[in-house]
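Participant: Here's a structure for you.
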Amino acid sequence: MQNHEGRVSGALAAVLRDRIARTGPISVADFMALALTHPQHGYYAACTPFGRTGDFTTAPEISQVFGELTGLWCVVVWQAMGRPAPVSLCELGPGRGTLMADARRAQARADPAFIEAARLHLVEVSPILRKHQRDALATAGPGSQAHWHDDLATVPEGPLLLIANEFFDALPVHQFVRTDSGWCERCVGLADAFGAGDPDLAFVDVPLPAPPVLPAGLADVGPGSIVERRPAADALITAIARRVCRHGGAALIVDYGYSESAPGDSLQAVRGHAFHPVLTRPGEADLTAHVDFAALARAATEAGAAVFGPVPQGVWLTRLGAAERARALLADATPEQAMAITTGIRRLTHPQHMGLLFKAMAVSAPGLPPPPGFDSPAP
Ligand code: SAH
């Protein structure tokens, strides 16, 4: 076993080495879950990842228009639902709380009755980010008190509007490797130790007793192919779909990934706005993998929900009026602000930036009209 990624170091690496030495290699999914959400040394427990000084930036951090339009999307769906009160407005992984704060400001201008009706539920593992979210919402006006949850299970049942931007990409993926002699699971083990020092972490392919259960098109890939599966995402979208079918509502999922299930190793670590080797310094880099929208759509449909999209983010935002909103903001902007508004919208919508790789998908109770931005066929 070779590791070409440089010396492994850090507090979480020590925890992982110890565990692997005791119980053997762990799946890439377990590695990802520990690297991101270990209570002491996980990336989201210890870091504030966003913004120019952080490791990466996200759509709501790039332009207020993203959160505003998402907020208005919720109001229009709520009106189509018959304006239920109360309604849960739930966000999965709200980051610094920027999206929800911008959404609340736009909602208050559009329909004050929605502010009255909506109860905010935020699903967040990171205590540091929970604090950022509280501070951001304190600037967002009345009706922005929130309840925090470790996962969706404790969000009260009832009519639901749910937002998840760049949440599903952080859920753990399993990687299966097709070899000449059958299927293996890619795991993280210990490299052979030559000389002194702690052994490095290294990928190791562990043969599986039976082939993994894969959708059509992935089960018959050729030797050397890697296939990613995300059971945590399938379970979560199923739970969301069941909720909207039972009580009414819709969910909006925006993320980067594939429209159709496809083979490929998409696991990536990002630190300081640059790609970083996956196994070195676990817990100190963000770790994500492409979202398989077709898999989410299959699970939601099986649970009885209606699925719309995915639609490329650039198309979706343009349909919602991103250009018009930017023009309104430009009317009162200083030259410096005008530059930020224009480049922000371009980054979110241009196909060579986030416009094409990122996609929006909606899951709703059957019978609701197509939600805003999903009302014409995907281009
Ligand atoms: N939606 C935000 C942040 C995206 S980053 C934005 O667009 O800016 C992922 C977010 O999900 C972070 O807030 C992170 O702490 C949270 N998160 C990641 N894995 C989680 C999990 N398993 N349970 C709950 N929150 C999680």
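Participant: Please go through the range 149-165 and pick out each residue that is within 18 Å of the chain's Cα centre (by Cα) and open to solvent by less than 40 Å² (accessible area, probe 1.4 Å).
Facilitator: So the first thing to find is which residues in the range 149-165 are within 18 Å of the chain's Cα centre (by Cα), and the list is 149-153, 161-165.
Matches in the range 149-165: His149, Leu152, Leu161, Leu162, Ile163, Ala164, Asn165.
Participant: Consider Ala146 carefully, then state whether it is away from the ligand (no atom under 11 Å from the Cβ) and open to solvent by 20 Å² or more (accessible area, probe 1.4 Å).
Facilitator: Details: away from the ligand (no atom under 11 Å from the Cβ): yes; open to solvent by 20 Å² or more (accessible area, probe 1.4 Å): yes.
Yes: the conditions hold for Ala146.
Participant: Within the range 263-278, identify whether any single residue is among the polar types (S, T, N, Q), at pLDDT 95 or above and more than 28 Å from Phe31 (Cβ to Cβ), and answer yes or no.
Facilitator: no
Participant: Shifting gears a bit: Out of curiosity, is Ala14 at pLDDT below 95 and part of a helix (DSSP H, G or I)? Give the steps one after another, and end with the answer.
Facilitator: Working: at pLDDT below 95: yes; part of a helix (DSSP H, G or I): yes.
The answer is yes for Ala14.
Participant: Oh, and also: Determine, yes or no, whether Glu185 is within 16 Å of the ligand (Cβ to nearest atom) and of a type in the set (Asp, Glu).
Facilitator: Details: within 16 Å of the ligand (Cβ to nearest atom): no; of a type in the set (Asp, Glu): yes.
When the stated conditions are applied, Glu185 does not pass them.
Participant: Taking Pro172 as the residue in question, decide whether it is more than 16 Å from the ligand (Cβ to nearest atom) and either open to solvent by 20 Å² or more (accessible area, probe 1.4 Å) or not β-branched (Val, Ile, Thr) (or both).
Facilitator: Values: more than 16 Å from the ligand (Cβ to nearest atom): no; either open to solvent by 20 Å² or more (accessible area, probe 1.4 Å) or not β-branched (Val, Ile, Thr) (or both): yes.
Here the answer is no, as Pro172 does not meet what is asked.
Participant: Right, something else. Take the range 322-365 and flag every residue that is closer than 21 Å to Leu296 by Cβ and open to solvent by 80 Å² or more (accessible area, probe 1.4 Å).
Facilitator: Residues of the range 322-365 closer than 21 Å to Leu296 by Cβ: 354-365.
Leu356, the sole residue that qualifies.
Participant: Filter the range 179-194 down to the residues that are in contact (Cβ under 8 Å) with a residue 60 or more places away in the chain and not aliphatic (A, V, I, L, M), then identify the one that is farthest from Phe31 (Cα to Cα). First the steps, then the outcome.
Facilitator: Here is the first cut: in the range 179-194, the ones in contact (Cβ under 8 Å) with a residue 60 or more places away in the chain are 185-192.
Checking which are not aliphatic (A, V, I, L, M) leaves us with 185-187, 189, 192.
Numbers: Glu185: 13, Arg186: 11, Cys187: 8, Gly189: 10, Asp192: 19 Å.
Among those that are in contact (Cβ under 8 Å) with a residue 60 or more places away in the chain and not aliphatic (A, V, I, L, M), it is Asp192.
Participant: Only residues that are open to solvent by 20 Å² or more (accessible area, probe 1.4 Å) and within 14 Å of the ligand (Cβ to nearest atom): list them for the range 39-49, please. Lay out the reasoning, then the answer.
Facilitator: Here is the first cut: in the range 39-49, the residues open to solvent by 20 Å² or more (accessible area, probe 1.4 Å) are 39-41, 44-48.
Hits for the range 39-49 are Pro39, Tyr44, Ala45, Ala46, Cys47, Thr48.
Participant: Please determine whether any residue of the range 101-112 is open to solvent by less than 20 Å² (accessible area, probe 1.4 Å), more than 13 Å from the ligand (Cβ to nearest atom) and farther than 14 Å from Cys74 by Cβ. Please lay out each step first, then the result.
Facilitator: Of all residues in the range 101-112, those open to solvent by less than 20 Å² (accessible area, probe 1.4 Å) come to 101-104, 106-107, 111.
Next, only the ones that are more than 13 Å from the ligand (Cβ to nearest atom) stay: 104, 106-107, 111.
Those left that are additionally farther than 14 Å from Cys74 by Cβ: none.
Checking the range 101-112: not a single residue is open to solvent by less than 20 Å² (accessible area, probe 1.4 Å), more than 13 Å from the ligand (Cβ to nearest atom) and farther than 14 Å from Cys74 by Cβ.
Participant: How many residues does the range 321-353 contain that are under 18 Å from Pro372 (Cα atoms) and under 21 Å from the mean Cα position of the chain (by Cα)?
Facilitator: 2
Every residue, every condition in (1) hydroxyl-bearing (Ser, Thr, Tyr); (2) free of Cβ contacts under 8 Å to residues at least 40 places away in the same chain; (3) in contact with an Asp or Glu (Cβ under 9 Å, 6 or more places away or on another chain), yes or no:
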residue	(1), (2), (3)
Ala305	no, no, no
Pro312	no, no, no
Leu330	no, yes, no
Pro335	no, yes, no
Met361	no, no, yes
Leu368	no, no, no
Pro371	no, no, no
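Participant: Considering the range 54-90 alone, what residues qualify as being part of a loop (DSSP other than H, G, I, E, B) and within 13 Å of the ligand (Cβ to nearest atom)? Before the answer, list the steps.
Facilitator: Step one: filter the range 54-90 for residues part of a loop (DSSP other than H, G, I, E, B), giving 54-55, 57-58, 63, 81-86.
Matches in the range 54-90: Gly54, Asp55, Thr57, Thr58, Ser63.
Participant: Further question on the same structure: I'm trying to understand the selection: among the residues of the range 256-292, which are at positive phi and under 14 Å from the mean Cα position of the chain (by Cα)? Step through it out loud before you land on a result.
Facilitator: Residues of the range 256-292 at positive phi: 257, 264, 272-273, 281, 283.
The one that is at positive phi and under 14 Å from the mean Cα position of the chain (by Cα): Gly257.
The values are calculated or read from the model by the stated rules, or taken from the named source; none is laboratory data. This one's a predicted model, so the numbers in the text were calculated from it and none came from an experiment. Don't worry about glycine lacking a Cβ; one is built from the backbone with ideal geometry, like all the others, and counts go over all protein chains shown. Ligands, DNA and RNA are excluded from the accessible area calculation, which covers all protein heavy atoms including side chains. Shrake-Rupley method; radii C 1.70, N 1.55, O 1.52, S 1.80 Å.
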